[in-house]
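Right, one structure below, let's go through it.
The values are calculated or read from the model by the stated rules, or taken from the named source; none is laboratory data. These figures come from a predicted structure and were not determined experimentally. Glycine gets a Cβ as well: all are built from the backbone with ideal geometry, and neighbour counts include every protein chain shown.
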Amino acid sequence: MKTTTVFSFLVLLMFSSVTFAQDELQITAKDSIVQSSWIFGVGLNAVDDSGNVFNGIFNVSDEWNIVPFPSRVSIGRYFKSGLGLEAVGTYNQYKEGKIIDAEVISDNISYFGIDGRVTYDINKIIGQTAWFDPYVGIGAGYTDANNKGRGTYNAVVGFRTWFSDRWGLDFNSTGKWAMSQGEGATNHIQHAAGVVYQFGIEKGLSKRGEEKLELLAAIAKEKQRQTDSINEVNRLKDEKLLAERLKKQQEEDALAAAEKAKVDAINKRKTEIKSRIENLGNVYFGLNSSVVTSSSKKVLDSLVQVLEEIPTLTLKITSHTDSRGTSKYNDWLSQRRVDKTKDYLLSKGVSEDKLTTEAYGETQLLNECDDNTYCPEEKHAVNRRSEFVILEF
């Protein structure tokens, strides 16, 4: 009993561990980082231009100069490689009584700086963190300090800490070395702190996210291998059934092909018979006449031969008139014509059950020669006819 209880507990624990591991392997927002962006910043700056460089670096009351309003603005573009390009503009004011260039000044003096710099994200070396973003950089600029303008070589060290993908704080210190020491221009240090806003963001996976992605890919590959194995087993099981279906389909295709060949042969034969009868031509009549002429008898005699050669052939004889005369008269005339045509064929030994008739009067003209159109006699003659339609063959 105790053994069973322990075993059940271990199974439950293992199941919980697998479930937890699967949850851990999900790619989430925490696994993504900002890889490139624009960063805009606004903040304060403090200048230490006492002339003693690093001596008394924290002597804020005597050596640091700060204005009580936003005095620094920056804009920069930061790339996937870790490099960044940044432009910085600063304003400050040396306060009366502060130590500037190793002397205590007696008046307030304005400070202006415009700098450009290249920075590098140290996280590219030490590994990404979600909130701490240290960097170093070098650059150059122009500074007007203590009423002395000078170009400067700059070196910066700092870090940003992020509250979200867009908002954070930036803290940095910059050493500025005068390109020329003429007119008493000296080196100085500038500290800065401010709010930064990130936009134009392009995100990617962190190292942890990439590791998760690789593991997920490996799991997916293994699942696919298992699925392929199952599919292969199922395929082998289904081979016999597939072969039977294929054989049945082939038999059905063969029957369909034979049926199609039969239908095609019938249609071909019908087309040949129809063409043969059409080539004989129609039986034509004179104006207001139902007499079968000698030329028409030749057509009918040829038709008799066709009927004798094809015992299964049955025809419908249709007779027509031209448009001249009343409709009632033309109906009567076309009936006489169809009767005369049938009588001639019967007189030649054609069985009556092979023939049916229908009279159309002037309702099926072959041209434009109606009651409202003038036509010469040869055009009207085309409409005075008996035709033959295949019913069976």
Any hit, region 346-353, residues being in contact with a Lys or Arg (Cβ under 9 Å, 6 or more places away or on another chain), closer than 24 Å to residue 276 by Cβ, at pLDDT below 95 and exposed (fewer than 14 other Cβ atoms within 10 Å of the Cβ): yes
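Return the only residue of 262, 270 being surrounded by 10 or more Cβ atoms within 10 Å (Cβ to Cβ), touching a Phe, Trp or Tyr at 6+ places or on another chain (Cβ under 7 Å) and outside the structural domain of residue 388 (by TED's automatic domain parsing). Explain how you work it out, then say what you get.
Numbers: 262 fails: touching a Phe, Trp or Tyr at 6+ places or on another chain (Cβ under 7 Å).
Unique residue meeting the criteria: 270.
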Complete set of residues in region 364-393 that are in contact (Cβ under 8 Å) with a residue 12 or more places away in the chain and under 60 Å from the mean Cα position of the chain (by Cα): 364, 365, 366, 367, 389, 390, 391, 392, 393
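Restricted to region 46-97, and to residues that are outside any strand (DSSP E or B), of a type in the set (Ser, Thr, Tyr) and surrounded by fewer than 21 Cβ atoms within 10 Å (Cβ to Cβ), which residue is farthest from the chain's Cα centre (by Cα)? Steps first, answer last, please.
First, pick out the residues of region 46-97 that are outside any strand (DSSP E or B): 49-63, 67-71, 79-82, 95-97.
Narrowing further to those that are of a type in the set (Ser, Thr, Tyr): 50, 61, 71, 81.
Among the residues that remain, those that are also surrounded by fewer than 21 Cβ atoms within 10 Å (Cβ to Cβ) are: 61, 81.
On the way: 61: 65, 81: 31 Å.
Ranking the candidates gives 61 first.
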Conditions (1) in a helix (DSSP H, G or I); (2) acidic (Asp, Glu); (3) more than 22 Å from residue 302 (Cβ to Cβ): number failed by residue 343: (3)
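Scanning region 346-363 for residues that are small (Gly, Ala, Ser) and not in a helix (DSSP H, G or I), which turns out farthest from the chain's Cα centre (by Cα)? Walk me through it before giving the result.
Of region 346-363, the ones small (Gly, Ala, Ser) are 347, 349, 351, 359, 361.
From what is left, the residues that are not in a helix (DSSP H, G or I) are 349, 351, 359, 361.
Working: 349: 75, 351: 71, 359: 64, 361: 64 Å.
That would be 349.
At pLDDT below 75, surrounded by 11 or more Cβ atoms within 10 Å (Cβ to Cβ) and of a type in the set (S, T, N, Q): does that describe residue 35?
Values: at pLDDT below 75: no; surrounded by 11 or more Cβ atoms within 10 Å (Cβ to Cβ): yes; of a type in the set (S, T, N, Q): yes.
No, not satisfied.
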Test set (1) in the same structural domain as residue 363 (by TED's automatic domain parsing); (2) without any contact (Cβ under 8 Å) to a residue 40 or more places away in the chain - residue 341 fails condition number: (2)
